[in-house]
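Working notes, beginning with the structure itself.
Values in this text are rule-based calculations from the coordinates and carry no lab data. Since this is a predicted model, take the numbers as computed values, not measurements. So basically every Cβ, Gly included, is an ideal-geometry build from the backbone, and we count neighbours across all protein chains shown.
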């Protein structure tokens, strides 16, 4: 057997760090009981509150998140993705939004700092300007080879709107794309699923998309619908709008089969990062 279970967790994070960790561990434990070997937490899993408060807590949050992810991966013997948490950027006014994949031994397998920042004025009256407190990542996203499972490509939330990033990941061997998010309710209802399916189809890769859901503070509301999607674009599992998880099997041999049947990656004519 070459298949394994993946879990895209779905939670409603707040500004209460310890409460968020408790909910996250509960969902991690439930997913491992169901047999998941690769588990993803959503963006902002440890803290979802006002930007200024996040900035002030960045050093504390970075350390706490690292320790939490290390402990959880060891305790439950799983590959665990922390889908996005603040890390000090080296100045007094900005942070990095970092995703980290931990191995079963608690060691970091790969890090990714979010490249595309969500600076958007939405028709529902919400204004988002991540660049005011977050610096864009300057490194290309990693492709992480998990022995016995598959090669994993990392990204975060708003990245999903930029297909060239995922083309880079798949062209460099990624068989499974992780897209943890805190997608807004307003944009999510129209764009979330179709973007995830597009990234899966055009790259003939699995998509594992952990998600925030529900109301967090003020008018900040997330769409939910954490998903696992196969390389043909079929939604294998959808967590809906409640806290929980989307859990489904992934199989690198299916990736290989679909890429042989639909060899679009071999038919590309445009060079990557030509400029």
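Modelled this way, with points 7 Å down the Cα-to-C-beta line, the labels at residue 217 and residue 190 are 2.8 nm from one another. Result for the chain in a Gaussian network model with C-alpha springs under 10 Å: among 46, 100, 182, the largest mean-square fluctuation is at 100. Built from the Cα atoms of the stretch 38-166, the convex hull projects on average onto 8.4 nm², one quarter of its surface area. Each of 243, 202 was scored by other Cβ atoms within 10 Å of its Cβ. Arranged with the fewest first, they read 202, 243. Annotation: the residues 213, 93, 133, sorted from fewest to most other C-beta atoms within 10 Å of their own C-beta, follow the order 93, 133, 213. Top mean-square fluctuation among 73, 136, 13, Gaussian network model of the chain, C-alpha springs under 10 Å? Looking only at 73, 136, 13, the biggest GNM fluctuation is shown by 136.
Working from Cα pairs under 8 Å separated by at least six residues, relative contact order for the stretch 3-267 is 21 percent.
At an R0 of 35 angstrom, the distance between the Cβ atoms of residue 92 and residue 162 translates into a FRET efficiency of 0.75. Full extension of the chain segment joining residue 74 with residue 108 gains 11.1 nm, where the gain is 0.36 nm per residue of separation less the Cα-Cα distance. Take the Cα of residue 129, go 7 Å toward its beta carbon, and none of the backbone nitrogen atoms of the stretch 168-204 fall under 15 Å from that spot. Three principal axis extents of the chain based on alpha-carbon atoms, in descending order, are 50, 43, 34 Å.
Counting beta carbons within 10 Å around each of 199, 98 and listing the fewest first gives the order 98, 199.
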